[in-house]
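The values are calculated or read from the model by the stated rules, or taken from the named source; none is laboratory data. Since this is a predicted model, take the numbers as computed values, not measurements. Positions of Cβ are generated from backbone atoms using ideal geometry, with glycine treated the same way; all protein chains shown enter the neighbour counts. Just so you know, the surface numbers come from the protein's heavy atoms only, side chains and all, with ligands and any DNA or RNA stripped out. Shrake-Rupley method; radii C 1.70, N 1.55, O 1.52, S 1.80 Å.
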Amino acid sequence: TVTSNVDVEKQDPSSFKTDTAVQRAFGRYADVLLKPVVSLAVVLLFFGVASVASGLVSNISIGLPLEDILPDDSSVRDAFATEKEIFKGRATSVTSVVQGEDFNQLEARQRFRNAIGGVGQVENAVVELPNWMDAYEAWQGGSDTGSYLKGMQTFLGSKQGARWKSHVTCPDITCTSIATAKFDVLFMLSRPGTTQMDELQTRDNIDDVLNPIYPAGNVVVHSPPFMFAETDLAIWRAVLETIGFSLIGVFCVVCLSTSMSTAALITLTVAMIDVDLLLFAYALGLRLNSVSYTCLVMACGLAVDYCVHLGHAFDHSKKDGKDGALSNKAAARHAVAQMGASIFQGGMTTLLGVIVLAGASSVIFRTFFFFVFATVLLGVAHGLVLLPILLTYLTPTCGKAS
C-alpha cells in the first residue's frame with residue numbers, strides 16, 4: 001500500500017513548501033507537466049493509446065491450452081506436440097448420457113443403438129467405443145425376449161460387467177430398470193488450426209443427431225474440452241461484467257475520502273489502465289483466459305492504489321491554502337510534490353515482490369508476472385502523469401490562490 005511521507009492534514013496549512021530534494025524535484029516536474037501545451041500532448045497520448053487498445057482487444061487470442069499449465073520441461077508437452085504434428089489432433093472420448101428410457105423395451109434399445117451409430121458418423125468421429133449393451137448381451141449369450149434387464153444386477157457384479165457400472169444407473173438394488181445410460185464415441189479434437197471454441201461445433205453436430213431421436217432434455221453430451229470451450233465462449237462477458245462491477249466499487253469507496261469529481265476521474269484512470277493492459281496482452285501475444293481474467297480484475301485493486309492517494313492530497317490541498325482555497329493547478333502541483341515519491345516507491349517495491357516470477361517455468365506464472373508488471377508500470381504512469389492533468393482541468397475550481 002502506498003503511504004504518504006507527509007501527513008497532509010497535519011501539515012501546517014500556511015506553508016506548502018517542499019522540504020526535501022525529492023519533493024522539490026517532483027514539484028519542478030509538476031510545473032512542466034501542468035503547462036497547457038505539455039498537458040494537451042500527454043492527454044492526447046494517453047487517450048490515443050486507450051483508443052488503439054479498444055480497437056485491438058477483439059483480436060486477442062482466447063483460450064487456455066493444456067500445455068500452458070505444464071512446466072516448460074514437462075515431457076507431456078512433447079506428447080501434446082507429437083499428437084498435433086503426427087496424429088493431427090488428440091483422440092478424446094465424448095460421452096452422451098441418455099435419461100428417461102425403459103431399456104426393457106425393444107424400441108428403447110433400438111433408439112440407443114441408432115444414437116450410437118449416428119454419433120459415430122459425425123465429422124471427426126474416430127471410432128465407436130464398446131458400450132454396455134453389447135457387453136451385456138454378449139455375457140447373456142444373446143438378447144432375451146423376456147425381461148431384458150433381469151440379469152443386469154448379476155452382470156454388473158461379475159468380472160466382465162464391473163467396468164460398466166459407471167455406464168448405467170439403476171434406481172434400486174435389483175437393477176431391473178435403468179434410469180440413465182451412457183455411451184462413448186472417440187473424436188479427434190484439438191486439431192491444428194482450431195481453437196477450443198471450435199470444439200463446440202462437434203457438440204452441436206452430435207446434438208443435431210440426438211435431438212430427433214430423444215426428447216429435449218433427455219440427453220446430455222459432455223467432454224472436458226467442451227467445458228474449457230464454454231469458459232472461453234463466456235470470457236468476454238465475464239471480463240466486462242466483473243470489471244464493470246469493480247469500477248463501480250472503486251468509485252463508491254473512493255467517494256468516501258475524496259470529492260465525487262475526483263472519484264470519477266480516479267475511476268476513469270483505473271478503467272484506462274485496464275484497457276491498456278489488454279493492449280499489453282495483445283502486443284505480447286498473451287491469451288485471454290481464466291488466468292488473465294483474474295489478473296485484469298485484480299488490476300483494478302492494484303491500479304487504484306497509485307491514484308487515490310494523489311486524489312486525496314489534491315482535494316485537501318485545494319481547501320487548505322493559506323490565502324484561501326488553492327487553484328486546481330496549485331493543488332495538483334502540491335499533490336504531486338508531496339505524494340510523487342511515495343507512489344513511485346510503492347510501485348518499485350511491488351515490482352521487487354513479483355520479479356522472481358519472471359523466470360518461472362510455467363506459462364501461467366509468467367502470465368501473472370507480466371500482468372502485475374504492466375499494472376504497476378501503467379498505474380504509476382497514469383497516477384503521476386495523466387491524473388494530475390485531469391484533476392487540474394476537469395474538477396470544479398474552488399479558489400484562485402497560487
Binned Cα-Cα distance frequencies in segment 182-300 - 5 Å width, integer %: 2, 9, 15, 15, 13, 10, 9, 8, 7, 5, 4, 2, 1
Alpha-carbon centroids, segment 29-49 and segment 189-203: separation in whole Å: 47 Å
Positive-end residue, segment 147-297 charge dipole about Cα centroid, Cβ charges, pick of Asn289, Gly244, Trp164: Trp164
Projected label distance in nm at Asp204 and Gln99, using a 7 Å step from Cα toward the beta-carbon: 2.4 nm
Those aspartates and glutamates that a straight Cα-Cα span of less than 15 Å connects to Lys329, excepting residues fewer than 8 apart in one chain: Asp31, Asp315, Asp320
Two-decimal Rg to Rh for segment 53-143 - Kirkwood Rh, Cα set: 1.18
Heavy-atom surface of the chain, accessible at 1.4 Å and reported per residue (Å²): 48 Å²
Computed over the chain: relative contact order in percent, which uses C-alpha pairs under 8 Å that are six or more apart: 27 percent
Segment 337-396: C-alpha gyration tensor shape, a/c 1.5 cut-off, then a/b vs b/c: oblate
Segment 214-370 - Rg and Dmax from Cα coordinates, angstrom: 21.0, 82
Alpha carbon centroid spacing (whole Å) that separates segment 258-286 from segment 92-112: 53 Å
Whole-angstrom Cα spans of the chain along principal axes, big to small: 104, 42, 34
Under 5 Å, built H, 5+ apart or other chain: amide partners of Leu326: Lys319, Asp320, Gly321
Anisotropy class of segment 32-104 from Cα gyration tensor, a/c 1.5 cut: prolate
Size descriptor, Kirkwood hydrodynamic radius, that averages inverse alpha-carbon separations across segment 285-355, Å: 14.3 Å
Intensity falloff of segment 82-135 expressed as log10 I(q)/I(0), Debye formula with alpha-carbon point scatterers, at q = 0.14, 0.20 Å⁻¹: -0.48, -0.80
In Å², nearest 10: area of Asp73 left accessible to a 1.4 Å probe: 130 Å²
Geometric extent, Cα atoms of segment 243-292 - Rg, Dmax (angstrom): 13.4, 39
Long pairs among Lys88/Lys182; Lys84/Lys159; Lys159/Lys182; Lys150/Lys182, criterion Cα-Cα beyond 30 Å: Lys84/Lys159
R0 of 30 Å, Cβ-Cβ distance Gln110-Arg90: FRET efficiency to nearest 0.05: 0.40
